[in-house]
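Derivation of every value follows stated rules applied to the coordinates shown; laboratory data play no part. The structure displayed is predicted, hence computed values, not measured ones. No Cβ is skipped: glycine too gets one built from the backbone with ideal geometry, and neighbour counts run over all protein chains shown.
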Amino acid sequence: MTKRVIFPTGPDALQRERLQVTPEIWEDGLRIDPQPGNFEWWYFDAHFDDGSTAVINFFTKSLLDRSSRLNPGVSVSITRADGKKLSETAPVLPAEFSASKERCYVRAGKSWVRGDLCTYELDARVEGLAAQLTFTGIVPPWRPGVGKNYYDEAQTRFFAWFPAIPYGNVEGYITYEGNIHNVKGYCYHDHNWGNVGLNDVLTHWYWGRAHVGEYTLIFAEMNATASYGKQKIPMFLLAKGSQILIADGAPLSLEEQDFIADPGGRSYPDGLDLAWKENDQKIHLSLRSPKLIESFSLLENLPTLQRLVGSIIVNPYYFRFNADLDLQIDLVTGSGRLQDHEQGLVLYELMLLR
């Protein structure tokens with residue numbers, strides 16, 4: 001019997017989850033007990049005016065080891081303007097980790113982050129790398145539906161996603177190769193948690209975001225396994241300035257272009273087309289000329305024997321790209337018809353879980 005993925009929306013679903021229509025500060029706090037089977041992470045990324053980038057992630061455990069008890073840490077990845085990537089992960093003892101349930105306030109050893117859905121301060125330190133940054137949201141926090149995909153009828157097994165800063169400003173300092181750099185630019189922050197093995201219920205997902213002209217957009221398509229009828233779970237946000245125009249992903253469809261082989265043995269599409277259509281309203285996104293930023297197997301950091309055994313069973317693989325974006329908008333808004341056309345760059349990823 002084919003199972004289904006449940007993506008709850010509407011007033012009854014919000015009431016069941018004890019959520020308000022507008023996200024509240026506590027939603028970016030600790031959302032699930034880090035017992036075996038559960039996982040959680042707080043993700044931040046920043047693109048700076050000097051061409052460098054930083055990605056910081058606080059986590060309760062590795063996604064590949066969710067069966068463990070609390071096994072926390074923080075990771076920092078800095079990519080220089082010339083494309084050289086520097087990345088380190090610092091595990092910490094459970095006694096050195098804490099996370100508030102009232103708001104985002106996470107400590108992992110000497111690293112910490114705190115925020116209130118509007119402003120976040122972050123101080124992350126790993127071997128040879130550091131980031132002291134302040135994130136300020138421009139687009140308000142967004143929760144698609146109740147922010148959860150359920151994988152059973154009782155709605156107990158789930159994966160959750162909460163973009164607390166869909167788009168904002170960032171400034172501060174990053175340290176690498178012995179030098180401190182004063183930086184500013186734009187940023188993104190989201191929060192994930194769950195209690196289901198993602199490779200058990202999903203084959204792959206696409207996720208991307210862009211800011212072009214006055215517009216911010218986030219898109220995602222999660223693809224379920226055959227046992228769930230290969231169901232697609234789309235999500236979509238479009239904002240103009242600080243105003244959210246579209247927050248419903250149901251009308252979104254994604255089409256892949258011809259595939260390109262990667263030296264790692266996997267492949268990725270040479271472009272994507274995304275179409276959002278509802279009655280006489282439509283949005284079209286064309287992603288072309290993808291530039292591969294990074295690609296790697298998630299098994300790379302495991303011990304050799306575990307890596308060999310894991311690759312026989314499953315070989316999760318990650319791709320991250322920059323691409324040319326063509327955005328076409330034709331919507332009805334409160335102030336009338338909105339028709340616009342913008343071009344720019346989009347950042348997106350393909351996660352292959354099988």
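Taking only C-alpha pairs under 8 Å that are 6+ residues apart, what is the relative contact order of the chain in percent? Don't jump to the answer; show the numbers that get you there.
Working: 917 pairs, mean separation 45.5, N = 354.
Computed value for the chain: 13 percent relative contact order.
Which one, (i) 0.96; (ii) 0.90; (iii) 1.12, gives Cα Rg over 2.2 N^0.38 Å as derived from the coordinates shown?
Matching entry in (i) 0.96; (ii) 0.90; (iii) 1.12: (i).
Quick check: the distance between the Cα centres of the range 4-28 and the range 140-216, to the nearest angstrom?
Taking the Cα centre of each part, the range 4-28 and the range 140-216 sit 17 Å apart.
Quote the charge dipole size of the range 197-354 about the Cα centre in Debye, to the nearest 20; the model charges only the Cβ of Lys and Arg (+1) and of Asp and Glu (-1).
Numbers: 13 positive and 20 negative charges, 84 e Å.
Roughly 400 debye, rounded to the nearest 20.
Name the residue farthest towards the positive end of the dipole of the chain from the options Ser68, Phe236, Tyr167, assuming +1 on Cβ of Lys and Arg, -1 on Cβ of Asp and Glu, about the Cα centre.
Working it through, the farthest residue towards the positive pole turns out to be Ser68.
Can you tally the lysine pairs in the chain where the Cα-Cα distance is under 15 Å and the two residues are eight or more apart, or on different chains?
Working: Lys3/Lys230; Lys3/Lys232; Lys84/Lys291; Lys148/Lys232.
Close lysine pairs found across the chain: 4.
Using the count of nearby Cβ atoms within 10 Å as a rough guide to exposure, how do Tyr173, Tyr268 rank from fewest to most? Walk me through the intermediate numbers first.
Details: Tyr173 13, Tyr268 19.
Final ranking by Cβ density, sparse to dense: Tyr173, Tyr268.
Relative contact order (percent) for the range 197-354, with alpha-carbon contacts under 8 angstrom and 6 or more residues of separation? Please report the intermediate quantities before stating the final value.
Working: 366 pairs, mean separation 34.8, N = 158.
The value is 22 percent.
Compute the relative contact order of the range 1-196 as a whole-number percentage, counting only Cα pairs closer than 8 Å that sit 6 or more residues apart in sequence. Walk me through the intermediate numbers first.
Details: 512 pairs, mean separation 45.7, N = 196.
Relative contact order comes out at 23 percent.
What FRET efficiency, computed as 1/(1 + (r/R0)^6) with R0 = 30 Å and r the Cβ-Cβ distance, is obtained for Asp12 and Asp324, rounded to the nearest 0.05?
Details: r = 42 Å, r/R0 = 1.39.
So the FRET efficiency works out to roughly 0.10.
Would you compute, from DSSP H runs of 4+ residues alone, the mean residue ellipticity of the chain at 222 nm, taking -39500 (n - 2.57) per run and dividing by the full residue count, rounded to the nearest 500? Display every interim value, and only then the final one.
Values: 3 runs with 20 residues, N = 354.
Computed mean residue ellipticity for the chain: -1500 deg cm²/dmol.
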